[in-house]
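*Asks:* Quick one: structure below, then a few questions.
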Amino acid sequence: TAGVAALVAAGGRRPGLAAVLVGDNPASEIYVRNKRKACEDAGIASWLHRLPGTAAQQDLLDLIGQLNREASVSGILVQLPLPKQMNEAAIIRAVDPLKDVDCFHPENVGLLAAGHPRFLPCTPFGVQQMLARTGIPTAGRRAVIIGRSNIVGKPMALILMQKPSKDFPEAGDATVTVVHRGTTDLPAITRQADILIAAVGVPRFVTADMVQPGAAVIDVGINSVDGKTVGDVDADSVAPVAGWLSPVPRGVGPMTITMLLHNTRKAAMMG
């Protein structure tokens, strides 16, 4: 909030986030509502643009083009997943890279891979900040990431593996291994991790036998099981073994939203 107020007081434009929601996915509705509430609390303007689940891809492309041209919009967030008739990659590429506060556009992914990021993807950025602010060192440590998605696994590896620099002070300088559900001898690999990040999308996938005693375990997962929200880590069995375990809910989720606001403010400063 203070950062936004200082930006406006210095003559800068008030940051604004345009969220686009296609269809009526209940989880997406909750995510967008939480993001807009956080914007309001931080003094960031926000707008919600809705399209029906039956909308044509061109309708969404036209809306994105309009938001790209709108000066009051610093950041554009297209809530995923999209309906099956839409090409997700084409939609992501349509967003102006300077307004791509999710850091999904290929140009921004390339800048991240090259060590000169314009933005950092919100969830991996939130995990990095969680580690840094909890005092968990990453330099020289072994980090294992379970999951290889474009949203979490791949960019998380890019952040943790790179050497810190003036352009990229958040880089982790860690030794990184990326695994997935089909990896041979998976528990033997995860037990080597000083930092274990679970982003596999399977409830309670990580169990105590997969964790090195004293390791930091970050649970990125959010799943609903019998009406209860659980992560990708079996918290009951892992908590006594881990040195530190992030909670689900109220762990990575709020950090993701915080980093989205950070990116939106940064986009406003660049605009």
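The values are calculated or read from the model by the stated rules, or taken from the named source; none is laboratory data. If you're wondering where the values come from, they're calculated on a predicted model, not measured in any experiment. Virtual Cβ from ideal backbone geometry, glycine too; neighbours counted across all protein chains shown.
*Asks:* Applying the selection to the stretch 159-214, what residues are small (Gly, Ala, Ser), assigned to a loop (DSSP other than H, G, I, E, B) and within 18 Å of residue 142 (Cβ to Cβ)?
*Replies:* Passing the criteria: 171, 172, 174, 193, 199, 214.
*Asks:* Could you check how many residues of the stretch 130-150 are crowded, with 17+ Cβ neighbours inside 10 Å and part of a helix (DSSP H, G or I)?
*Replies:* 2
*Asks:* A further question on this structure: Tell me which of these residue 86 doesn't satisfy, since it passes every other one: (1) over 21 Å from residue 156 (Cβ atoms); (2) part of a helix (DSSP H, G or I).
*Replies:* Checking residue 86 against (1) over 21 Å from residue 156 (Cβ atoms); (2) part of a helix (DSSP H, G or I), the one that fails is (2).
*Asks:* Of all residues in the stretch 218-253, which are surrounded by 14 or more Cβ atoms within 10 Å (Cβ to Cβ), farther than 20 Å from residue 151 by Cα and of a type in the set (A, V, I, L, M)?
*Replies:* Selection gives 235, 238, 239, 241, 242, 245.
*Asks:* Cβ-Cβ under 8 Å, sequence separation 6+ or interchain: first residue in the stretch 37-55 and within 18 Å of residue 71 (Cβ to Cβ), partner among the charged types (D, E, K, R) and part of a helix (DSSP H, G or I). Which pairs?
*Replies:* 44/265; 46/35; 46/36; 46/40
*Asks:* Answer yes or no as to whether residue 153 is within 13 Å of the chain's Cα centre (by Cα), crowded, with 18+ Cβ neighbours inside 10 Å and within 19 Å of residue 259 (Cβ to Cβ). Show your work before the answer.
*Replies:* Working: within 13 Å of the chain's Cα centre (by Cα): yes; crowded, with 18+ Cβ neighbours inside 10 Å: yes; within 19 Å of residue 259 (Cβ to Cβ): yes.
Judged against the criteria, residue 153 is a match.
*Asks:* Take the residues of the stretch 222-262 that are in contact with a Lys or Arg (Cβ under 9 Å, 6 or more places away or on another chain) and part of a loop (DSSP other than H, G, I, E, B): which is farthest from residue 131 (Cα to Cα)?
*Replies:* 234
*Asks:* A further question on this structure: Output the residues belonging to the stretch 215-268 that are among the hydrophobic types (A, V, I, L, M, F, W, C) and at pLDDT below 95.
*Replies:* Narrowing the stretch 215-268 to residues among the hydrophobic types (A, V, I, L, M, F, W, C): 215-218, 220, 222, 225, 230, 233, 235, 238-239, 241-242, 244-245, 248, 252, 255, 257, 259-261, 267-268.
Matches in the stretch 215-268: 222, 225.
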